[in-house]
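Bear in mind these aren't lab numbers, they're just calculated from the coordinates by the rules spelled out. Small disclaimer: the values here were computed from a predicted structure and weren't measured. In this analysis, Cβ positions are derived from the backbone assuming ideal geometry, glycine residues included, and neighbour counts consider all displayed protein chains.
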Amino acid sequence: YSTVSQLGYMFAAVGVGAYAAGVFHLMTHAFFKACLFLGSGSVIHGMGGEQDMRKMGGLRHKMPITFATFLVATLAISGVPPFAGFMSKDEIIWQAFAKGHAVLWALLWIAAGLTVFCMFRQVYMTFFGEFRGAHEQEHHLHESPWSMAGVLLVLGALSVFGGFVQWPDFIMHFK
């Protein structure tokens, strides 16, 4: 859902004539979505190949780098200020409103809310609570090697600071 919804934001931007906002979101989306996908791979690696979130939980203590970067990317895709997704996604929402597309503006807000719900549910199920997997899996849990963790840190930093490449119109409008 989260990938398709982000593509929907890009198409909405183009549809209202906010081409720069659409391309800007494509760029920031690359940062936080790559971080989320690699973070998922890191979790699967640490879990010995397990992909069922219902068998995870409490991983933040065993995988602190993966947790921190996944949380940062989740905040970015959720549009929390000042993360990269806020700068680009909220620019698209602003452009829809500023160009008189009230129904689209409302739909974009609804999609944003669904994204926040889905992403934080994933974070909670994976990294919080008690571990729900097998005893053998719990002993196998480990942080990914630096070849993955280092890239996660770079993508996490871009998920935070990548939005500062361009100041969105909705921020400049209130200066």
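Hey, what number do you get for the chain at 222 nm if only DSSP H runs of n ≥ 4 count, each worth -39500 (n - 2.57), divided across all residues, to the nearest 500? Kindly include the intermediate steps, with their values, before the conclusion.
On the way: 8 runs with 123 residues, N = 175.
Helix contribution divided over all residues of the chain: -23000 deg cm²/dmol.
With everything on Cα atoms, drop me the angle between helix 19-46 and the longest principal axis of the chain, reported from 0 to 90° to the nearest 10.
It is inclined by approximately 10 degrees.
Rounding to the nearest 20 debye, state how big the charge dipole of the chain is about its Cα centre with +1 on each Lys and Arg Cβ and -1 on each Asp and Glu Cβ.
On the way: 10 positive and 9 negative charges, 49 e Å.
The dipole of the chain has a size of about 240 debye.
Let's test the formula: R0 of 22 Å, r as the Cβ-Cβ distance of PHE117 and VAL23. What FRET efficiency results, to the nearest 0.05? Write down the numbers at each step before the final one.
Values: r = 27 Å, r/R0 = 1.24.
With R0 = 22 Å, the Cβ-Cβ based efficiency is 0.20.
Just add up the charged neighbours of THR115: K/R +1, D/E -1, any other residue whose Cβ is under 12 Å from the Cβ of THR115. Please list the in-between numbers first.
On the way: positive: LYS33, LYS89, ARG121; negative: none.
Combined, the nearby Lys, Arg, Asp and Glu give +3.
Mind pulling the angle between the C-alpha long axis of helix 102-127 and the longest principal axis of the chain? Nearest 10 degrees, somewhere in 0 to 90.
Approximately 10 degrees, to the nearest ten.
Need the full-extension length gain, ASP52 to SER147, defined as separation in residues times 0.36 nm minus the C-alpha distance. One decimal, nm. If you can, show how the numbers build up before the last one.
Values: separation 95, 0.36 × 95 = 34.20 nm, distance 2.41 nm.
Extra length from ASP52 to SER147 when fully extended: 31.8 nm.
What list of ³J(HN,Hα) values in whole Hz, one per residue of the range 137-151 in order, does the Karplus curve 6.51 cos²θ - 1.76 cosθ + 1.60 (θ = phi - 60°) give from phi, with Gly and Pro shown as x?
Using θ = phi - 60°, the values come out as 5, 4, 6, 7, 3, 6, 5, 5, x, 4, 4, 9, 4, x, 5 Hz.
Which one, GLY156, ALA68, TYR1, projects farthest toward the positive side of the charge dipole computed for the chain from Cβ point charges (K/R +1, D/E -1)?
The residue sitting most towards the positive pole is TYR1.
Between helix 2-15 and the chain, what is the angle of the helix's C-alpha long axis to the longest principal axis, kept within 0 to 90° and rounded to the nearest 10?
Approximately 10 degrees, to the nearest 10.
Compute the length gained on full extension between ALA134 and LEU107: take 0.36 nm times their separation in residues and subtract their Cα-Cα distance, giving the result in nm to one decimal.
Working it through step by step, the gained length comes to 5.6 nm.
Starting from the 7 Å offset along Cα-to-Cβ, what nm value, one decimal, do you get for the label separation of SER40 and SER5?
Result for the modelled spin labels: 1.4 nm.
For GLY49, what is the net charge nearby, where nearby means another residue's Cβ is under 13 Å from its Cβ and Lys, Arg count +1, Asp, Glu -1? Don't skip to the answer; put the middle values down first.
On the way: positive: LYS55; negative: GLU50, ASP52, GLU136.
Here the count lands on -2.
Take peptides 67-80, 153-166 and line them up by average Cβ neighbours within 10 Å, highest first, as a rough protection proxy. Mind dumping the intermediate values first?
On the way: 67-80: 23.6, 153-166: 19.1.
Top to bottom by mean Cβ count within 10 Å: 67-80, 153-166.
Running a GNM on the chain with Cα contacts under 10 Å, which residue among GLU50, GLU143, GLU91 ends up with the highest mean-square fluctuation?
Highest fluctuation of the listed residues: GLU50.
Taking H as built 1.01 Å from N, whose amide H comes closer than 5 Å to the amide H of LEU59, not counting residues under 5 places away?
Placed amide hydrogens put PHE127, PHE128 under 5 Å from LEU59.
List the residues, sorted by chain then number, that are 5 or more residues from GLY133 or on another chain and whose placed amide H is less than 5 Å from its amide H.
The answer is none.
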